[in-house]
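The values are calculated or read from the model by the stated rules, or taken from the named source; none is laboratory data. Fair warning: this is a prediction, and the values are worked out from it, not measured in the lab. Ideal geometry is used to build each Cβ from the backbone, glycine not excepted, and the neighbour counts take in all protein chains shown.
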Amino acid sequence: MRQGKKWVALALVSALAMAACGSDDKDGSDTTSASGGTTGGQAGGTLVFGTSSDPVVLDGAYVSDGESLRVIDQLFETLVTTVPGGTEIEPSLAKSWSASDDGTVWTFDLQTGVKFHDDTDFNAAAVCFNFDRWYNFTGVAQSAAVSYYWSTVFGGFSDGATPSLYKSCEAKDDATAIISLTAPSAAFLSGLAVSAFVIASPDALTKYEADKVGGTDDAPTFDGTFGTEHPVGTGPFKFDGWTPGDKLTIVRNDGYWGTKAILDKVIFKPIADGPARRTALETGEIQGYDLVDPADVTALADGGYQILKRPAFNVGYVGFNQAKPPLDNQKIRQAIAYALNRQALVTAKYPEGAEVATQFQPPSLFGWSADVPDYSYDPEKAKALIAESGVTDLTIEFYYPSDVSRPYMPDPTANFEAFKADLEAVGFTVVPKTAPWRSGYLDDVDAGNAQVYLLGWTGDYGDPDNFVGTFFRTPQVAWGFDNQEIFDALTAARDTADVAERTKLYEEANKMIMEFVPGVPYVHTEPSLAFAPGITGYTPSPVSLESFATVSLG
Amino acid sequence: MFKFIVRRLLLLIPILLGLSFLLFIWVRALPGGPATALLGERATPERVAQVNAAYGFDKPVLEQYFKYLGRVARFEFGQSITLRKDVTEELLRRFPATVELAAAAMVFAVGLGIPLGFAAAKRERSWVDSTAVVASLAGVSIPVFFLAQILKWIFALKLNWFPTIGRLQPTRELEHVTNFNLIDSVIALDGGAWVDTVKHLVLPGIALGTIPLAIIARITRASVLEVLNEDYVRTARAKGMSRRIVDRRHVLRNALLPIVTVVGLQTGLLLSGAVLTETVFAWGGIGQLLSGAVLDKDYPVIQGGVLFLAVVFVLVNLIVDVLYAVIDPRIRVR
């Protein structure tokens, strides 16, 4: 019918017409492609970076998710920070520091002449304002869903419900801030580098009601606009605008006290779907993204894109719940360690750069020991140990998550299948148990329901306590054991002030842990970022503290 | 007519009440909760208990429900636990994105589907008919995310004709007045933005529209076939009326009723959030918000979002029913 065909023809023609005049616009005035930068030189330009989701809020004290921290790291700064690409501490807003003999009083000499983005002065009073703000959190702000890092590094709050490492902050003069602790702590300094402890403008915090929690007791609402519209810090970039679901824009801070950023502007575009991120890089709609799927790494590299690797700072492990026999039998646990062919799994299913884990912390972190017991693949030894153990019922329930991809475990099912085969080869009967990550799996593991399970951990900051301390310093339902020797060793290691002494203590502790075999660590991975050709200056960090200030379009 | 509309709107109240209760209970009965979703590997029983206490999730369910009803009566739908943003604000802010996408998909589906179905019916059992039938089957069968990847690969990566993510080029600025980019770019007199918006609508619109396209084409074909066999059509042709006028005045208008029903239902479905399409094209609409909320067990967003969509669906159906009376005077809405 002529009419029908007319419509179809019209539709096709308009589509073609649009496409034709479209392709000019795409590489036109608004620079998106790396090769067509605004100027011929190095300075300036706009970078569009693909993220996996929007930030939650741009208030360091209130978040612990990677996407919020990514942006916060550009707008704000801490007293001390990590060296680019590593975990050692270097000065930031504090140019030097010293601790009292008993390790409880820390004096920080601050940078001078620094201004917040709202032109107010950065000084010791501002530092103390921030610390006291965090210490005085109440209600929902105290929960781990909000102020996770404060509880991890300092423990309790001013209400005294749990003991706190923090005692007080004193602004001796504009350039000297003195922080007093209730006990000596060597992890304190590494903890301070965490982005939760960025120093924000007291003026903005107050004016934009950063701590306003409204709603009702059982339905609290965060009502302030500090973290959504006015995140004022001292960093090399300033906040420019945020439309959730669409994009977040930051611009260069020309009043920055340090080396100014090269780029004019960075736009963060949330793209939840991994393949969509990759395609967006390949079409030029974005110039870089994080959390590259290991399966894409080779293809992208072959296509001329730059793959940057983050130094390994995580651990994937098989966890044991010793409250569930026969896991309470050490010989059985050792047998499992020998039975699992970890090297084969890492070689077959993990991208280049992943390495077999020998203990519950990565080699780059001090306290790692080269002398831990070696559980290299040895199925014969496993069978011998099983015989020695005297255990006859070798049925175990093996839990794995069905639907998730974690940096240390991109394909849980593959790991499970490999380990199941290894265990059955030495005589175990494996009963698979699976649930979606957020819908039951984590709950089962935490509640102590899971007998043997796949899990892992990405480090928050450069201190062994954040790895082995998190797992084994206190009794936990998921691990199901009570080994006072290990608890004491890790507590002593955490509380020692001298770095050399701590290193030795953690090395000893790691040996002790691996003799006890509370679980079998099996991998450390290097998550990757991808960038368009020509982009330079991005330095991946093991703790994901990465600045865009040194990035240029090339 | 007016009484009919009012009565239908009043029906919304028991529907929403019942729905909210079922949803409230069901979502809390599922394994996992917002605390574990929020905390991930960092979850410990103590931390989970702390978060649950802070949000009142450890109270008896019925107690939670009545407190919730109290807030709803004051139009307070709460804040997203994971996003920490007002639920109503987020829904209203993202809805235009979903509407624009649904509109693009329906323009594609209706614009192509009705002529296709019509042509197939007129040439019953010809190659046109067979192609249309097979194409419809294919359209319904191909998974949306797979189709989306193919479309991206051909039209974006290889041909460089269309973009693949978002509603606008990230480097482009547009003042958000209504959040309908097509309207906002007109308000801002920004021709470039308008073209950019349309270009961003093409691939997701096609991906989303293939299923409605297939269904509309088939319904059109069936309905037109039925009308073509009616006596009055044969009489009109016998009287000497041109084929074109008969088609327009008698065939199409009478065949429209079932087609309108299907278009209405499909629109309602599309507005419920084209979850997969929105995720694959990073669209920033309701679908992505809700699917994320379900995974994260973000109770306030799930509750508010589903109720919101129920209202939308009821309103769309109401419009369809009113349209019946407009199209066919024989139908009286009582």
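Descriptive notes on the structure:
- Qualifying residue in the stretch A:248-263 (condition: modelled with pLDDT of 95 or more, surrounded by 19 or more Cβ atoms within 10 Å (Cβ to Cβ) and within 25 Å of B:Leu276 (Cα to Cα)): yes
- Within the stretch A:231-255, the set of residues being part of a loop (DSSP other than H, G, I, E, B), in contact (Cβ under 8 Å) with a residue 60 or more places away in the chain and not aliphatic (A, V, I, L, M) comprises A:Pro231, A:Gly233, A:Thr234, A:Gly235, A:Pro236, A:Pro244, A:Gly245, A:Asn253, A:Gly255.
- B:Gly56 part of a loop (DSSP other than H, G, I, E, B), under 29 Å from the mean Cα position of the chain (by Cα) and either loosely packed, with under 13 Cβ neighbours inside 10 Å or within 10 Å of another protein chain (Cβ to nearest Cβ) (or both): no
- For A:Ala125: the one exception among (1) in contact with a Phe, Trp or Tyr (Cβ under 8 Å, 6 or more places away or on another chain); (2) surrounded by fewer than 19 Cβ atoms within 10 Å (Cβ to Cβ): (1)
- Filtered residues of the stretch A:345-372 (kept if assigned to a helix (DSSP H, G or I) and in contact with a helix residue (DSSP H, G or I) (Cβ under 7 Å, 6 or more places away or on another chain)): A:Leu345, A:Lys349
- Hits in the stretch B:59-85 - residues which are at the interface with chain A (Cβ under 8 Å from one of its Cβ atoms) and more than 17 Å from B:Val301 (Cα to Cα): B:Lys59
- When the stretch B:59-79 is filtered for residues that are touching a residue at least 12 places away in the same chain (Cβ under 8 Å), of a type in the set (Phe, Trp, Tyr) and part of a helix (DSSP H, G or I), the ones remaining, listed by number, are B:Tyr65, B:Tyr68.
- Checked against (1) among the hydroxyl-bearing types (Ser, Thr, Tyr); (2) in a helix (DSSP H, G or I); (3) under 30 Å from A:Gly469 (Cα atoms), B:Thr82 meets all criteria but (2).
- The set of residues from the stretch B:37-53 being facing chain A (nearest Cβ under 7 Å) and either of a type in the set (A, V, I, L, M) or touching a residue at least 24 places away in the same chain (Cβ under 8 Å) (or both) comprises B:Ala37, B:Leu38, B:Leu39, B:Ala43, B:Val48, B:Val51.
- Exclusive hit being crowded, with 20+ Cβ neighbours inside 10 Å and outside any helix (DSSP H, G or I), set B:Ala255, B:Ala282, B:Ala293: B:Ala282
- Search result, residues across the stretch B:175-197 that are of a type outside the set (Asp, Glu), free of Cβ contacts under 8 Å to residues at least 24 places away in the same chain, closer than 17 Å to B:Gly284 by Cβ and not in a loop (DSSP other than H, G, I, E, B): B:Ile183, B:Ser185
- A:Thr152 vs. criteria surrounded by fewer than 17 Cβ atoms within 10 Å (Cβ to Cβ) and not basic (Lys, Arg): no
- B:Gly111 being in contact with a Leu (Cβ under 9 Å, 6 or more places away or on another chain), small (Gly, Ala, Ser) and surrounded by fewer than 20 Cβ atoms within 10 Å (Cβ to Cβ): yes
- Any hit, the stretch B:26-46, residues being assigned to a helix (DSSP H, G or I), within 30 Å of A:Gly480 (Cα to Cα) and of a type in the set (Ser, Thr, Tyr): yes
- Complete set of residues in the stretch A:243-264 that are among the polar types (S, T, N, Q) and closer than 19 Å to A:Val114 by Cβ: A:Asn253, A:Thr259
- Any hit, the stretch B:160-183, residues being away from chain A (no Cβ under 13 Å) and touching a Phe, Trp or Tyr at 6+ places or on another chain (Cβ under 8 Å): yes
- Scanning the stretch B:113-141 for residues that are under 21 Å from B:Val263 (Cβ atoms), more than 14 Å from chain A (Cβ to nearest Cβ) and either assigned to a loop (DSSP other than H, G, I, E, B) or not polar (S, T, N, Q) (or both) yields a total of 5.
Results for (1) away from chain B (no Cβ under 14 Å); (2) assigned to a loop (DSSP other than H, G, I, E, B), shown as yes or no for each residue.
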position: A:Glu417; (1), (2): yes, no
position: A:Asp422; (1), (2): yes, no
position: A:Thr434; (1), (2): no, no
position: A:Gly440; (1), (2): no, no
position: A:Val445; (1), (2): no, no
position: A:Gly469; (1), (2): no, no
position: A:Thr474; (1), (2): no, yes
position: A:Trp479; (1), (2): no, yes
position: A:Ile486; (1), (2): yes, no
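- Filter result for the condition that a residue is over 27 Å from the mean Cα position of the chain (by Cα) and outside any loop (DSSP other than H, G, I, E, B), over A:Gly227, A:Gly160, A:Gly191, A:Gly214: A:Gly214
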